[in-house]
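Okay, structure first, notes after.
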Amino acid sequence: MAARNADTESHAAIIGSERALKPGSRLIGPADPRERIEITLRLRSQKRQLPDPDKIGALPPKRRRYLSREAFAATYGAAPGDIAKVRAFARRNRLKIVSVDPLQRRVVLSGTVKALNAALQVKLMCYEHPDGNYRGRIGRIHVPAALAPVVDGIFGLDNRRQARPHLVVRDGTLGSGAGGASSFTAIQVAELYDFPRDVDGRGQCIGILEFGGGYRQGDLNAYFAKLEIPAPQVSCVSVDGATNNPGVDTNADGEVALDIQIAGAIASGAKIVVYFAPFTERGWVDALSAAVHDRKNKPSVISISWGYAEGERAGGFCWTPQAVNAVNQILQAAALMGVTVCAASGDDGSNDQVDDGHAHADFPASSPFILGCGGTRLIGSHRIKSETVWNTGANHASGGGISDLNPLPAWQKGIVPPSVNPGGRIGRGVPDVCGNADPVSGYQVFVGGKPSVIGGTSAVAPLWAGLLARINENLGTTVGYFNPLLYAKLRKSGALRDITKGDNDTTGMIGGYQAGRGWDACTGWGSPMGAKLLKAFGG
């Protein structure tokens, strides 16, 4: 009787859930109807509308009042009545409740492909693709009309790959870090950028998001022993079944090692927590939510060295609107709770691995609530001799551009130029800041039992995360979301080294973006002068 009632209910589409196939996909056939999968339902906030964090972000850190995670949950978590409606929906459709988290506005359900096809009015199919085979769907997800206003997004039906690490491994042997184009330790880079001394991030927690790979404790021990500094406390959190799994994907292992070792070298007194998640859209939403709302570890800074091209012009709707909305809402929550989120802007210049001749920004770095981190080539030993936009050709260059997904924030008005693409859209410009990223002047790390040199904007996100952990310790509070303050005041403080030479053109057709005085879509406002930045924040 329950099933017949479910079949006769009127349904409504989940706004923003539309999916298309990845270009180059080939149909294999229907998904196995007996396969059991998990999905995440993200529910609306009981307060309906989150406050605009720009007012907080424009204030000096010591004048801010942040919400605790507990206070945020009480005001902006999911309503008990909405959760009850999801429970009833699950019972009617023979779906199992796996977990419920009102703080994260998250309900996880599991069911067979057959049950989910019927309950959500989708048709899950299997496809072959050069990036990896995946389970996918076409069109929108539908739920009973009474439930549609409750659900902001449903994630997990589609498991296509949607995360790439932003790193480049350098060939050749290690350099000394002195003179010329040589490799550096993270500590040497921190010294060149004059990071605040006599602080090591003590009392802070740096969260790191990873979508594959893993780390070996032996590698960490060898790395920090060579630097002759204490190894930081490192732990991991499993999201959606992903775990610390080194040895399967060497590229992803390099990413994990780079992130931990740079952040840990800069802020050795901080606790580092690594959140491992699948490289899917569901993985993005759930991992970011898990880190931001982690009531146990309470990260004050989060570093993300992965991303994926916005890809609108390429078709395939790589990012669904519901995912972009969910990620932006989670980042808004982070801002209200005083958490800074740093993200790599990409390693493939203006095309961002979309070979359609147009320029593309990388998400989530293109979110207005993230500190987007671009890349440079740094030359120097005891002082900086030169710093230019990282662009070594062969699609290896600092990511940056104008967002097709996110509108122009108020604090970027009059600063960001039109996109180089036809139509000249003016949207969120990225990056905001930069740092050493060129593998030619890359970072010495230890991965897979041996030393290596790695670059990419992957290195810049944990570099800034470590710097901000040091600044937080000195201030006695967190700088949190500070993009409005950066664009209004910090850029005028002399705390950022303006990068004026180079470009990130890799499209071969439309073109890219040129560095110049002031903000640009290659390096933002520039690289950090750490001690001056601390002073500008009020330290």
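Tell me, which strands (runs of 3 or more DSSP E) wholly within region 250-317 include 1 or more residues that are in contact with a His (Cβ under 6 Å, 6 or more places away or on another chain)? Write out each step before concluding.
Numbers: elements: 271-276, 301-304, 306-309.
Ranges flagged: 306-309.
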Practice task
Check residue 130 against each of (1) assigned to a loop (DSSP other than H, G, I, E, B); (2) over 25 Å from residue 20 (Cβ atoms); (3) within 28 Å of the chain's Cα centre (by Cα) and name the one condition it does not meet.
Solution key: (2)
Handout entry: Set 307, 214, 218, 203: member being more than 16 Å from residue 463 (Cα to Cα), among the small types (Gly, Ala, Ser), surrounded by fewer than 23 Cβ atoms within 10 Å (Cβ to Cβ) and under 21 Å from the mean Cα position of the chain (by Cα)
Key = 214
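Is at least one residue of region 52-68 in contact with a Lys or Arg (Cβ under 8 Å, 6 or more places away or on another chain) and on the phi > 0 side of the Ramachandran plot? Don't jump to the end; show me each part of the working.
The first filter runs over region 52-68 and keeps only residues in contact with a Lys or Arg (Cβ under 8 Å, 6 or more places away or on another chain), leaving 56.
Still in the list and also on the phi > 0 side of the Ramachandran plot: none.
No, region 52-68 has no match at all.
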Handout entry: Residues located in region 362-390, provided they are at pLDDT below 95 and outside any strand (DSSP E or B)
Key = 381, 382, 383
Problem - In region 424-478, residue surrounded by the most Cβ atoms within 10 Å (Cβ to Cβ) [restricted to those that are touching a residue at least 40 places away in the same chain (Cβ under 8 Å) and of a type in the set (Lys, Arg)] - result: 470
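Residues that are farther than 23 Å from residue 380 by Cβ, at least 2 per element: which strands (runs of 3 or more DSSP E) completely within region 426-534 meet that?
On the way: elements: 427-430, 433-436, 443-447, 450-455.
By residue number, 427-430, 443-447.
Can you name the residue in region 342-361 that is in a strand (DSSP E or B) and aliphatic (A, V, I, L, M) and, of all such residues, is surrounded by the fewest Cβ atoms within 10 Å (Cβ to Cβ)?
Taking region 342-361 and keeping what is in a strand (DSSP E or B), we get 342-344, 348.
Keeping just the survivors that are aliphatic (A, V, I, L, M) gives 343-344.
Working: 343: 31, 344: 35.
Among residues in region 342-361 that are in a strand (DSSP E or B) and aliphatic (A, V, I, L, M), the one surrounded by the fewest Cβ atoms within 10 Å (Cβ to Cβ) is 343.
Does residue 190 fit the bill of being under 15 Å from residue 263 (Cα atoms) and assigned by TED's automatic domain parsing to the domain that holds residue 338? Step through it out loud before you land on a result.
Details: under 15 Å from residue 263 (Cα atoms): yes; assigned by TED's automatic domain parsing to the domain that holds residue 338: yes.
When the stated conditions are applied, residue 190 passes them.
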Handout entry: Filtered residue count, region 379-404, keeping only those that are within 10 Å of residue 499 (Cβ to Cβ) and of a type in the set (A, V, I, L, M)
Key = 1
Problem - Residues satisfying the stated conditions in region 25-61, i.e. among the polar types (S, T, N, Q) and either surrounded by 12 or more Cβ atoms within 10 Å (Cβ to Cβ) or at pLDDT 95 or above (or both) - result: 25, 40, 45, 46
Completion exercise
Filtering region 445-467 down to residues that are within 13 Å of the chain's Cα centre (by Cα) and more than 24 Å from residue 269 (Cβ to Cβ) yields 457
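Given 175, 214, which one is in the same structural domain as residue 273 (by TED's automatic domain parsing) and modelled with pLDDT under 95?
On the way: 214 fails: modelled with pLDDT under 95.
Going through 175, 214 in turn, just one is in the same structural domain as residue 273 (by TED's automatic domain parsing) and modelled with pLDDT under 95: 175.
Among the listed residues 422, 439, 431, identify the single one that is touching a strand residue (DSSP E or B) at 6+ places or on another chain (Cβ under 6 Å), modelled with pLDDT under 95 and closer than 26 Å to residue 310 by Cα. Spell out how you get there, then give the answer.
Numbers: 422 fails: touching a strand residue (DSSP E or B) at 6+ places or on another chain (Cβ under 6 Å); 431 fails: modelled with pLDDT under 95.
Checking each option against the conditions leaves just 439.
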Exercise for the section: For residues that are among the polar types (S, T, N, Q) and assigned to a strand (DSSP E or B), scanning just region 391-420, find the one that is nearest to residue 322 (Cα to Cα). Expected result: 406
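The values are calculated or read from the model by the stated rules, or taken from the named source; none is laboratory data. Keep in mind the model is a prediction, meaning the values are calculated, not measured. Neighbour counts are summed over all protein chains in view; Cβ atoms, including those assigned to glycine, are modelled from backbone coordinates with ideal geometry.
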